[in-house]
Amino acid sequence: MSTTESFAPYLRQALRLAKKGRYRTSPNPMVGAVVVRGREVIGTGYHRQVGGAHAEAEALLEAGEKARGATLFVTLEPCNHHGRTPPCSEAILEAGVKQVVACHRDPNSGVNGCGFERLRTAGIEVTSGMFSDEAVRLNWRYLISKTEHRPAVTVKWAMSLDGKIATAKRDSQWISSPAGRHWGLDQRERNDAILVGIGTVLDDDPSLDRRLSRAKRPNLRVVLDRRLRTPIDSKMFDIPGEVLIYTEELAGSAQRLQDRGAIVVHLDQVTPSDVLIDLHRRGVQSLLIEGGSTVAAAFIQAGLYDRVAVDCAPLLIGGSGALGPLGGAGFDPLSAAPRLDRLRCERRGDDVILSGFRKRCLQDLSAKLAG
């Protein structure tokens, strides 16, 4: 197989396979693989869940002896180190594959070009860079975590058509439709942790939990609470999973919150940067910010966000005192206000879902990893 045009159908198939693991692979990436001999697909696989077989191993197992002299198409550079599973590079060599076509390099410090180098040294033809944009979009959370050394951040809110997230009296349940709320719950399944400010806790007493049973384990619930005002009878503490509270005070309530199961972390300043540094240290790869307006604005103002996702409901709230989605001082002049890339629009029931990425977020990743 020699022409790059003929690679496209198999890489697209590998990308479709990779998506099947979207809820259960974290902190690993989603990966799909297809083994082709001549023009016949003889093996397929994808990484189903963390700790399970990698996509390449699954596809090669299905191909069996037919893999000798075949081409392996894979969405990400094969690993070359021992982790929960043996190196995929060794499995490829043992299978007798002659050519590997991958979408892009894996920036994980345990891989980062070593997989490609191992294969090339053994005489296998390696090609990378095709469908890099699509593969980067698939694994953007993983890739940002590895390249930026912080969790990938999605800022999410639900608002009325006139841009309000609550009435002047702070009534916000429910702005979104049932289908829109289901979409919001799905976002929780795709992210390792969810974060809110103390205002959201005091106003809404949210559970912040996963409810769709798609992810393998409970999410981490994170509260920014500078003065440690989180009530000890909050619903969060009645739900399985960890609750992490960042504070600038260690008042008497700290012990009571810890007795309720909370992890209370003292920071000199509860800033977006310091919070992300600590979450990354704890192994959090992706973070969903759900409120409130002050918290969302702080992360956006600091440039520490990657994606914005908005549920826009066909509702008119009005009122000069009604809350908008972003508080704080805002951006001035207008030329300083950030614009988003890759804007998408989709329907969920009566609601419109708008989502986009921080300017050049995906393009820069693709350019960095294509080689």
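Observations
- Checked against the criterion of being at negative phi, open to solvent by less than 10 Å² (accessible area, probe 1.4 Å) and assigned to a helix (DSSP H, G or I), the range 195-205 contains one or more residues that satisfy it.
- Filtered residues of the range 315-350 (kept if touching an Asp or Glu at 6+ places or on another chain (Cβ under 9 Å) and within 25 Å of Ala302 (Cα to Cα)): Ala322
- Some residue of the range 77-95 being open to solvent by 20 Å² or more (accessible area, probe 1.4 Å), in contact with a strand residue (DSSP E or B) (Cβ under 6 Å, 6 or more places away or on another chain) and more than 22 Å from Asp192 (Cα to Cα): no
- Scope the range 239-276; condition open to solvent by less than 20 Å² (accessible area, probe 1.4 Å), under 24 Å from Gly328 (Cα atoms) and β-branched (Val, Ile, Thr); matching residues: Ile245, Thr247, Val270, Val275
- Residue within the range 130-148 that is under 21 Å from Asp306 (Cα atoms), of a type in the set (Asp, Glu) and out of contact with any helix residue (DSSP H, G or I) (no Cβ under 8 Å at 6 or more places or on another chain) present: yes
- Residue count for the range 228-246, restricted to those that are part of a loop (DSSP other than H, G, I, E, B) and within 20 Å of Ala296 (Cα to Cα): 3.
- Scope the range 216-227; condition within 22 Å of the chain's Cα centre (by Cα), closer than 26 Å to Phe299 by Cα and assigned to a loop (DSSP other than H, G, I, E, B); matching residues: Pro218, Asn219
- Count - residues of the range 130-180 that are in a helix (DSSP H, G or I), touching a residue at least 24 places away in the same chain (Cβ under 8 Å), open to solvent by 40 Å² or more (accessible area, probe 1.4 Å) and more than 30 Å from Ala313 (Cα to Cα): 2
- Among the helices (runs of 4 or more DSSP H) confined to the range 247-359, the ones with at least 2 residues that are of a type outside the set (S, T, N, Q) and either within 28 Å of Gly163 (Cα to Cα) or within 25 Å of the chain's Cα centre (by Cα) (or both) are located at 272-281, 293-301.
- Scanning the range 120-129 for residues that are open to solvent by 50 Å² or more (accessible area, probe 1.4 Å) and either within 27 Å of the chain's Cα centre (by Cα) or closer than 17 Å to Glu5 by Cα (or both) yields a single hit, Glu125.
- Qualifying positions in the range 24-46 - open to solvent by 20 Å² or more (accessible area, probe 1.4 Å), modelled with pLDDT of 95 or more and in a loop (DSSP other than H, G, I, E, B): Met30
- Checking each residue in the range 277-301 for being closer than 21 Å to Arg22 by Cβ and open to solvent by 20 Å² or more (accessible area, probe 1.4 Å) picks out Gly283, Glu290.
The values are calculated or read from the model by the stated rules, or taken from the named source; none is laboratory data. Note that the structure is predicted; figures quoted are calculated from it, not measured. In this analysis, Cβ positions are derived from the backbone assuming ideal geometry, glycine residues included, and neighbour counts consider all displayed protein chains. All accessible areas refer to the heavy atoms of the entire protein, side chains included, with ligands and DNA or RNA removed. Shrake-Rupley method; radii C 1.70, N 1.55, O 1.52, S 1.80 Å.
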